[in-house]
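Heads up: the structure comes next, in structure tokens.
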Amino acid sequence: MTPARRTVRDGHRHEGPLSRRRFTLALPSALLASGCAAPHQGTGRPGDPIVLTLLSHYASGELKAALQGPVDEWNAAHDRVKVRTKAVEFSDLLTTFMVRQAAGLGADIIHPYCLWNGQLVRAGVLRPAPPEHAEEIRRGYSEAAVRAASVGGTVYGYPTEVQTYALYYNKRLLRETGFPGPPRTWRELEEAAYRTSKRDRYGNTLVQGFGLSTYDDSTTVGQTLALLNAAGGRFVSADGRSTAIDSPAGRAVFDLERRLVTAGASAPGVNVYRAFPSGQVAMVVSAGWWTGSLKSLMGGDYREVGVAPVPVPETDDEPATLSTGFMLGVGTASRHPREAWEFLRWLNTEKTGARGAKATRMSRLQVSVGTLTGRADDMRTLLGRGGDPNLRPFLEALAYAVPEPNVPGAQQAKSLLRKNIEAVWTGQRSVEEALRTTRRQVDQEVSRSW
């Protein structure tokens with residue numbers, strides 16, 4: 001969630017997909033024997049409860065504690081089925097899923113980044129949700145969240161954390177240069193970016209008007225795809241077998257970013273996650289997880305942070321943005337899938353709390369760490385009771401956000417897109433060259449992955 005916390009959220013610093021065989025060959029047998037040791041699983045006989053393992057990236061700090069709370073509640077109330085959590089850092093999560101599966105040691109319940117779902121389904125790691133659970137998921141969550149938790153129209157799990165992207169802005173920096181509020185169109189965005197940018201006499205950046213950043217895949221690509229969606233474009237075609245970014249909308253986004261960098265309004269080498277809280281970035285597109293981090297980092301200065309929808313090219317354009325997220329599903333290796341799905345139903349659909357303020361345990365968990373789920377009704381209930389108003393634009397975006405594509409080659413496609421975006425920012429490729437290269441590389445990747 002912060003850059004430090006962010007390594008466990010929203011898809012950061014992960015390696016490209018490998019086949020199960022290559023994963024097994026690439027790692028020493030000691031890892032399979034120790035780091036992926038089979039957990040004890042009871043038989044369900046009297047005195048020997050079933051023990052379900054839940055493997056996630058909630059490995060430390062408030063995330064670990066937030067998940068452990070409802071797990072402890074379940075365990076205290078259920079004698080026959082217990083749940084034990086196991087966590088690894090986000091950067092190791094996909095590898096761990098694949099290695100454990102290849103070794104026959106897969107967890108009962110897994111918590112993947114939805115970008116990986118196509119790869120995990122193809123590798124035989126995930127079970128489809130039973131019909132009654134799939135219906136509950138379709139009925140209870142936003143369309144973007146359901147699509148992210150599905151592959152080929154089949155639902156594979158309960159959406160948990162859902163991130164939509166919006167425009168963070170520094171009210172003081174905009175106000176000082178004559179802007180009473182955030183930009184609504186790309187023309188206003190450019191004008192605000194140029195007017196708020198500052199450099200010293202040596203050409204060093206003091207303030208970025210608009211914070212483009214090469215920090216990681218999800219920063220570089222997330223910013224660009226949010227703008228692409230706002231322009232009515234898409235990264236991958238509807239059938240998932242080719243890229244759609246080489247289009248007028250894609251060209252417009254790459255042109256916009258190139259102009260901002262060329263004019264000095266954006267300095268991609270600067271870490272926006274440090275620079276924005278320090279007042280060195282006027283505006284940046286990012287996901288809702290950042291609000292909790294900014295609040296703790298900035299203290300009283302957080303009052304100068306505002307959040308608004310991602311600007312659209314023209315005033316009359318319909319809003320759109322990017323959404324990413326995670327889900328909880330049941331692994332094919334589980335010997336107790338029925339019990340695993342029942343735990344997930346309890347965690348993600350059963351509502352608790354006082355009359356009129358009821359919400360699911362998962363929604364309460366996510367709000368407690370400063371983020372959202374795809375259950376808009378829960379979010380309205382919880383945020384209506386003293387929640388951070390800066391989360392509201394992210395909640396509203398659930399209605400129009402476009403989930404990032406989760407086709408089998410999605411992770412590698414994302415990494416390839418990042419390289420081409422950065423090539424435009426550094427002047428190594430023209431906009432046209434970058435679009436053509438992206439189309440060729442991504443088409444090859446996603447077509448090979450089916």
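Here are the numbers:
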{"item": "Set of aspartates and glutamates near LYS171 by C-alpha distance (under 12 Å), chain-local residues within fewer than 8 positions excluded", "result": "ASP301, GLU304"}
{"item": "Peptide ranges 132-142, 339-349 listed from the most packed, as the mean C-beta count within 10 angstrom indicates", "result": "339-349, 132-142"}
{"item": "Using alpha-carbon coordinates, inclination of helix 248-262 to the longest axis of the chain, degrees", "result": "60 degrees"}
{"item": "Simple Cβ-charge dipole of the range 379-428, Lys/Arg +1 and Asp/Glu -1, about Cα centre, in debye nearest 20", "result": "80 debye"}
{"item": "DSSP beta bridges in the chain [antiparallel fraction, %, rounded to 5]", "result": "65 percent"}
{"item": "Cβ-derived FRET efficiency at R0 41 Å, GLU191 paired with ARG345, nearest 0.05", "result": "0.25"}
{"item": "Probe 1.4 Å - accessible area at VAL155, Å² to nearest ten", "result": "0 Å²"}
{"item": "On Cα atoms only, tilt of 61-77 relative to the major axis of the chain in degrees", "result": "30 degrees"}
{"item": "Lys/Arg +1, Asp/Glu -1 at C-beta; the range 99-219 dipole; positive extreme among PRO112, GLY153, LEU212", "result": "LEU212"}
{"item": "Relative contact order of the range 187-302, pairs being alpha-carbon contacts under 8 Å that are 6 or more residues apart, as %", "result": "33 percent"}
{"item": "Long-range amide H partners of ALA267 with built H, under 5 Å", "result": "LEU212"}
{"item": "Sequence-distant lysines (8 or more away, or on other chains) whose Cα lies within less than 24 Å of LYS64", "result": "LYS82, LYS86, LYS295, LYS351, LYS358"}
{"item": "Rounded to the nearest 20 debye, dipole of the range 148-294 from Cβ charges on Lys, Arg, Asp, Glu", "result": "500 debye"}
{"item": "For the range 347-450, accessible area per residue (1.4 Å probe, heavy atoms of protein chains only), Å²", "result": "41 Å²"}
{"item": "Using θ = phi - 60° and Karplus 6.51 cos²θ - 1.76 cosθ + 1.60, couplings along the range 107-120 (whole Hz; Gly, Pro as x)", "result": "6, 5, 10, 10, 10, x, 5, 5, 4, 8, 4, x, 5, 5"}
{"item": "Heavy-atom accessible area per residue - the range 79-178, 1.4 Å, Å²", "result": "34 Å²"}
{"item": "Share of carbon and sulfur in the accessible heavy-atom surface of the chain [1.4 Å probe, %]", "result": "49 percent"}
{"item": "Computed over the range 96-253, Kirkwood Rh from alpha-carbon pairs, angstrom", "result": "19.1 Å"}
{"item": "Order by protection proxy (mean Cβ within 10 Å, highest first), peptides 430-439, 356-365", "result": "356-365, 430-439"}
{"item": "Cα-based radius of gyration of the chain once divided by 2.2 N^0.38 Å, which approximates compact folds", "result": "0.98"}
{"item": "Amide H contacts under 5 Å for GLY325, placed H, 5+ residues apart", "result": "CYS114, LEU115, GLN163"}
{"item": "Sequence of GLU73, GLU404 when ordered by accessible area, the most exposed leading, probe 1.4 angstrom", "result": "GLU73, GLU404"}
{"item": "The chain, relative contact order [Cα under 8 Å, separation at least 6], %", "result": "23 percent"}
{"item": "Neighbour net charge for GLY250 - beta-carbon separation under 12 angstrom, K R +1, D E -1", "result": "0"}
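The values are calculated or read from the model by the stated rules, or taken from the named source; none is laboratory data. Just so you know, these numbers come straight off a predicted model, no measurement behind them. FYI the Cβ positions are ideal-geometry reconstructions off the backbone, even for glycines, and counts take in every protein chain you see. To get the accessible areas, we keep the full protein, side chains included, count just its heavy atoms, and leave off ligands, DNA and RNA. Shrake-Rupley method; radii C 1.70, N 1.55, O 1.52, S 1.80 Å.
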